[in-house]
Amino acid sequence: QVQVVESGGGLVQAGGSRRLSCSASRSISTIAVMGWYRQYPGKQRELVAFITSSGGTHIADSVKGRFTISRDSAKNTVYLQMNGLKPEDTAVYYCKATIPGKYYWGQGTQVTVSS
């Protein structure tokens, strides 16, 4: 079992930056994939970025060039660095930990970008 807790959300002006953190309850080297998703009201969650246990990364086209994903294995934490934020980035951001056969979501953190 894995517990993940997001933090770092809040209100930011358009063009600004924000870093989200996702802390896992166990070594992230044992978690196959750590991903960031976001959800707009009334919509399904969409993938933003993920990082694998081997360090491979993927960034969604919608945020490529503005968002990056990284990790600190010593802290069992994955980060989502968001730069050049736009009002359309306003959403609840969720962390997801995937291990073989199971996945676990965090409670989400709200990011609001004001224009």
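The values are calculated or read from the model by the stated rules, or taken from the named source; none is laboratory data. As the structure is a prediction and not an experimental result, all values here were calculated from the model. With ideal geometry, Cβ positions are generated from the backbone for all residues, glycine too; neighbour counts draw on all protein chains shown. Note: areas computed on protein heavy atoms with side chains; ligands, DNA, RNA excluded. Shrake-Rupley method; radii C 1.70, N 1.55, O 1.52, S 1.80 Å.
In this Cβ point-charge picture (+1 for Lys and Arg, -1 for Asp and Glu), the chain has a dipole of about 120 debye about its Cα centre.
Name the longest site-free stretch of the chain, where the excluded sites are trypsin sites (Lys or Arg not before Pro) in a DSSP loop with no more than 12 other beta-carbon atoms within 10 Å. By the stated rule (loop sites, at most 12 other Cβ atoms within 10 Å), 65-115. The residues Asp61, Asp72, sorted by heavy-atom accessible surface at 1.4 Å with ligands and nucleic acids left out, run Asp61, Asp72 from largest to smallest. Full extension of the chain segment joining Asn83 with Arg26 gains 17.7 nm, where the gain is 0.36 nm per residue of separation less the Cα-Cα distance.
For the chain, relative contact order (Cα pairs under 8 Å, six or more residues apart, normalised by length) works out to 37 percent. Computing FRET efficiency as 1/(1 + (r/R0)^6) for Asp72 and Gln1, where r is the C-beta to C-beta distance and R0 is 22 Å, gives about 0.50. The number of Lys pairs in the chain with C-alpha atoms less than 20 Å apart, excluding pairs fewer than 8 positions apart on the same chain, is 5.
Spacing of the modelled spin labels on Asp61 and Val33, each 7 Å from Cα toward Cβ, amounts to 1.8 nm.
Atom-type composition of the exposed protein surface of the chain places 48 percent of the accessible area on carbon and sulfur (1.4 angstrom probe). Averaged per residue, the chain has 51 square angstrom of accessible surface, using a 1.4 angstrom probe with ligands and nucleic acids left out.
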